[in-house]
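Please see the structure below; I have some questions.
The values are calculated or read from the model by the stated rules, or taken from the named source; none is laboratory data. All values reported here derive from a predicted model rather than from experimental measurement. Cβ sites come from the backbone with ideal geometry, for glycine too, and all protein chains shown count toward neighbours. All accessible areas refer to the heavy atoms of the entire protein, side chains included, with ligands and DNA or RNA removed. Shrake-Rupley method; radii C 1.70, N 1.55, O 1.52, S 1.80 Å.
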Amino acid sequence: MTAVLLSIHVLGAIVFVGPVTVATSMFPRYARAALAGEGPAAPVTLLHRISRVYALLAIAVPVFGLGTAVALGVLGDAWLIASLVLTAASAALLGLRILPAQAEVVAALEGESETRAPVAARRLSMTSGVFALLWAVVVVLMIVRPGSTTGV
């Protein structure tokens, strides 16, 4: 059962977290170009949709990760707790900063609002970089974890 949980956890991370990380990283570049009238709005809308949908699907990753941790008996290990905290931080960053800022840019491109879209697009570069960095640290913690039985 542990192998199944771990497999679903890893596959979920690759299939769901990877695309949302790439989409959030690409969004600011296309948003700035579209807002300046130097590029189409369609890629911006698509990247926002990918970010939203895959963010919801990515909820499965920590769920199966917790199931795996319980099955392996490592729920109290420091590396796992650190990973959970970083995962929660990245989810909060995505849900509270990145997705709302993307929605603001998309609304401005669709003519529904023009409030602070250029500012939001600029801030997204840094915010999406921090989001990707948090996931990179979680991946490293998952691979090179203290007390690993892999001999690393």
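Answer yes or no as to whether R97 is basic (K, R), within 17 Å of V130 (Cβ to Cβ) and touching a helix residue (DSSP H, G or I) at 6+ places or on another chain (Cβ under 9 Å).
Details: basic (K, R): yes; within 17 Å of V130 (Cβ to Cβ): yes; touching a helix residue (DSSP H, G or I) at 6+ places or on another chain (Cβ under 9 Å): yes.
Taking the combined requirement at face value, the residue satisfies it.
All but one of (1) of a type outside the set (A, V, I, L, M); (2) farther than 27 Å from S125 by Cα; (3) open to solvent by 70 Å² or more (accessible area, probe 1.4 Å) hold for H9; state the number of the condition that does not hold.
(3)
Still on this structure, I have one more. Report yes if some residue within the range 28-35 is open to solvent by less than 70 Å² (accessible area, probe 1.4 Å), free of Cβ contacts under 8 Å to residues at least 12 places away in the same chain, under 29 Å from A3 (Cβ atoms) and over 19 Å from the mean Cα position of the chain (by Cα); otherwise report no. Step through it out loud before you land on a result.
So in the range 28-35, the residues open to solvent by less than 70 Å² (accessible area, probe 1.4 Å) come out as 28, 31, 33-35.
Within this subset, residues satisfying the condition of being free of Cβ contacts under 8 Å to residues at least 12 places away in the same chain are 33.
Those still in the list that are under 29 Å from A3 (Cβ atoms) too: none.
Scanning the range 28-35 turns up no residue that is open to solvent by less than 70 Å² (accessible area, probe 1.4 Å), free of Cβ contacts under 8 Å to residues at least 12 places away in the same chain, under 29 Å from A3 (Cβ atoms) and over 19 Å from the mean Cα position of the chain (by Cα).
Which one of these does F16 not meet: (1) at pLDDT below 95; (2) open to solvent by 40 Å² or more (accessible area, probe 1.4 Å)?
(1) is the only condition that F16 fails.
Here's a follow-up. Looking only at the range 37-57, which residues are touching a residue at least 12 places away in the same chain (Cβ under 8 Å) and not hydroxyl-bearing (S, T, Y)?
Going residue by residue through the range 37-57, those that are touching a residue at least 12 places away in the same chain (Cβ under 8 Å) are 41, 43-45, 47-48, 50-52, 54-55, 57.
Within the range 37-57, A41, P43, V44, L47, H48, I50, R52, A55, L57 qualify.
Here is a follow-up. Starting from residues that are of a type in the set (G, A, S) and either without any contact (Cβ under 8 Å) to a residue 12 or more places away in the chain or under 12 Å from T21 (Cα atoms) (or both), keep the ones in the range 89-124 and report whichever is least open to solvent (accessible area, probe 1.4 Å). Before you say what the answer is, go through the steps one by one.
At the first step, the residues of the range 89-124 found to be of a type in the set (G, A, S) are 89-92, 95, 101, 103, 107-108, 111, 113, 117, 120-121.
Among the residues that remain, those that are also either without any contact (Cβ under 8 Å) to a residue 12 or more places away in the chain or under 12 Å from T21 (Cα atoms) (or both) are: 90-92, 107, 111, 113.
Working: S90: 0, A91: 60, A92: 43, A107: 20, G111: 61, S113: 33 Å².
Checking each candidate, the answer is S90.
State whether one or more residues within the range 137-144 are open to solvent by 40 Å² or more (accessible area, probe 1.4 Å), touching a Gly at 6+ places or on another chain (Cβ under 7 Å) and in contact (Cβ under 8 Å) with a residue 24 or more places away in the chain.
no
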